[in-house]
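K.L.:
A single structure is presented below for examination.
The values are calculated or read from the model by the stated rules, or taken from the named source; none is laboratory data. These figures come from a predicted structure and were not determined experimentally. Heads up, the Cβs are rebuilt from the backbone with ideal geometry, glycines too, and the neighbour counts pull from every protein chain shown.
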Amino acid sequence: MSLDVICIGNLNIDVTAYIDHIPDLDESIYASNLTISPGGSAANTAVGISRLGLKSGFIGRVGADPYSQLLIKSLIDEGVDTSHIVVDNTGNTGFVIVLVDRSGVRRIIRWPGVNL
């Protein structure tokens, strides 16, 4: 299959917690909402390109864990070619945790896992 664009980079699980405020040291707070979704800048770009009607592909790595299949399926469902995603048995899929306060300020924690 001929592709218009190939994106190379990260494919993660994004966990986003919506909170009232950024907690102080040793403070525990509740989230008002929590979302878990596919992410990664290159993967998101491949999805956007596909939604625009172009043929896109993604090159990257995920771990040999349950999250990898969820991520690969999400790209396939969006029409992204996933034939060059490597499932790496030596580690885990990357995660990004995002804290968003009520004013929209974000704090981002990245754990790359086996990403490129």
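K.L.:
Can you go through Val62, Val15 and tell me which one is over 22 Å from Asn89 (Cα atoms) and either in contact (Cβ under 8 Å) with a residue 12 or more places away in the chain or not in a helix (DSSP H, G or I) (or both)?
P.N.:
Answer to the selection: Val15.
K.L.:
Sticking with this one: Quick check on Ile72: is it part of a helix (DSSP H, G or I), among the aliphatic types (A, V, I, L, M) and surrounded by 12 or more Cβ atoms within 10 Å (Cβ to Cβ)?
P.N.:
It is true that Ile72 is part of a helix (DSSP H, G or I), among the aliphatic types (A, V, I, L, M) and surrounded by 12 or more Cβ atoms within 10 Å (Cβ to Cβ).
K.L.:
Right, next: If you scan region 28-51, which residues turn out to be under 11 Å from the mean Cα position of the chain (by Cα) and not hydroxyl-bearing (Ser, Thr, Tyr)?
P.N.:
Ile36, Pro38, Gly39, Gly40, Ala42, Ala43, Asn44
K.L.:
Let me ask you something else. Among (1) at pLDDT 95 or above; (2) of a type outside the set (Val, Ile, Thr); (3) touching an Asp or Glu at 6+ places or on another chain (Cβ under 8 Å), which single condition is Met1 missing?
P.N.:
Every condition holds for Met1 apart from (1).
K.L.:
On to the next question. Inspect all residues belonging to region 35-55 and state whether any of them is closer than 15 Å to Ile6 by Cβ, in contact with a helix residue (DSSP H, G or I) (Cβ under 6 Å, 6 or more places away or on another chain) and either surrounded by 13 or more Cβ atoms within 10 Å (Cβ to Cβ) or hydrophobic (A, V, I, L, M, F, W, C) (or both).
P.N.:
no
K.L.:
Follow-up. Does any residue in region 97-115 that is outside any loop (DSSP other than H, G, I, E, B) come within less than 7 Å, Cβ to Cβ, of a residue that is at pLDDT 95 or above and of a type in the set (S, T, N, Q) six or more places away or on a different chain, and which pairs are these?
P.N.:
Note: pairs meeting the criteria are Val98/Thr16; Val100/Thr16.
K.L.:
Which condition number does Gly79 fail, the rest of (1) within 19 Å of Val62 (Cα to Cα); (2) in contact (Cβ under 8 Å) with a residue 12 or more places away in the chain; (3) not in a loop (DSSP other than H, G, I, E, B) being met?
P.N.:
Single failed check for Gly79: (3).
K.L.:
Scan (1) modelled with pLDDT under 95; (2) under 30 Å from Gly91 (Cα atoms) for the single condition Ile22 breaks and write down its number.
P.N.:
Failing condition for Ile22: (2).
K.L.:
Hey, can you tell me all the residues within region 90-116 that are touching a strand residue (DSSP E or B) at 6+ places or on another chain (Cβ under 9 Å) and on the phi > 0 side of the Ramachandran plot?
P.N.:
Across region 90-116, the qualifying residue is only Gly113.
K.L.:
Please work out if Thr82 is under 30 Å from Ser2 (Cβ atoms) and modelled with pLDDT of 95 or more.
P.N.:
Considered against the rule, which asks whether it is under 30 Å from Ser2 (Cβ atoms) and modelled with pLDDT of 95 or more, Thr82 comes out as yes.
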